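Structure record follows, encoded as structure tokens.
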């Protein structure tokens, strides 16, 4: 039997998914944290598929996904994000990091899980052993009711015709033979088909509800066992203490708890009042800022010459401008620098770029995003084997080997990393043409910060601090 690894800190979610997987001949191994999942993958056989939650205490789902895909031994295992997270931004980030698909924890249907498992080559559906006798009786009752209704409709839709006088009975009465019309037969067949569909839907619904009910009962039973164990420990600690003293102690504890609750309630009310006041102040400031921005935009439009109507038609409306300004401000505050020897488009920076693309899409932007990679001209030194590394901090710059002099390969092809290619091929706004991505290498030609012209008093530490600032990705937009 194939195995599926379920990584989720919710016991109820584990049991629900485990029972759904049993219908597809999959044995579920459940762990409660990302670290437990990584330990499992290191010491046990690789599962057929991994269902990975996003929000967990020690490590979130994306961090665990990065580690799984970075390890050659586990990189080929299909990973399904099983989470309550939704939205195009989240889906794009998950696919860029290597997730095969995303299933919603809140409203996942059996056929959705079946479609994902079908794409992995898992087809066998086994019967649900958890269906109870009560559920079977309910299904039989529904079937009996549907059969009775079908018989009633059949009787009501038949036409009656009188036979010839030669068919009279012995007492002179005529008998009649019902003749079922073609329309009645068609209606009868449709009713039976509808009955089959409703019966199938009812069985699936009863099975799903029973899974959830059994999971809830299991969780409640576990809580009751813990409470009984605690009560037993408490009883052992109390020993032969008199009941009167126990009641007095309980009274004192209750009085102290009531006093503490009153204090906490007062603090909470004060916090709510302060939060409401702060919210009102923030809203007022936001209103003033929007008014100032609108006034500034109006002035800029009045001062900027409009050469023709085609240019005017490309202007953004006020709402769209605010959204773009917010997105561009977010991008300006993001860090796109990278250290010496690091990959320009590693997973973290590709995730930031993915976030930017989906923010631009939400703001209504349609155009081209150009990513220009600028390289820092670092001060290096060679060891005995000729390998280059950053020079010691106190090394005079005149004794350095500058990176530009080593003729490094700074081509665009060299810059296209695996995470960047995965994102480029899976990002919805890029695939459907709403946003175009252009990658360019500027080499050492466009430093944002100037290097010292006089080499004599400069050390490697001072020079490399400037080179690190110039080692960055610049972003520009065009319509």
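Bear in mind that the values in this text are calculations on the coordinates, not laboratory data. Owing to the predicted nature of the structure, the values given are computational and were not obtained by experimental measurement. Quick reminder, even Gly has a Cβ in these numbers, built from the backbone with ideal geometry, and neighbours come from all protein chains shown.
The table below gives the values:
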item: Where N is the number of residues in segment 318-478, Cα Rg divided by 2.2 N^0.38 Å; result: 1.21
item: Geometric extent, Cα atoms of segment 2-119 - Rg, Dmax (angstrom); result: 12.9, 35
item: Label-point separation, residue 388 to residue 268 (7 Å along Cα→Cβ), nm; result: 6.3 nm
item: Highest to lowest packing among 32-44, 269-281, scored as the average C-beta count within 10 Å; result: 32-44, 269-281
item: Residue-span extension gain [residue 89 to residue 474] - 0.36 nm each, minus C-alpha spacing; result: 136.4 nm
item: Difference of contour (0.36 nm per residue) and Cα-Cα distance, residue 76 to residue 42; result: 10.8 nm
item: Whole-number D in µm² s⁻¹ for segment 1-55, Kirkwood Cα-pair radius fed into Stokes-Einstein, 25 °C, 0.890 mPa s; result: 220 µm²/s
item: Cα-projected label distance for residue 282 with residue 67, points at 7 Å along beta-carbon direction, nm; result: 3.4 nm
item: Gain in span if fully extended, residue 432 to residue 329, counting 0.36 nm per residue against the direct Cα distance; result: 34.5 nm
item: Rough spin-label spacing in nm, given labels placed 7 Å along Cα→Cβ, for residue 417 and residue 440; result: 2.2 nm
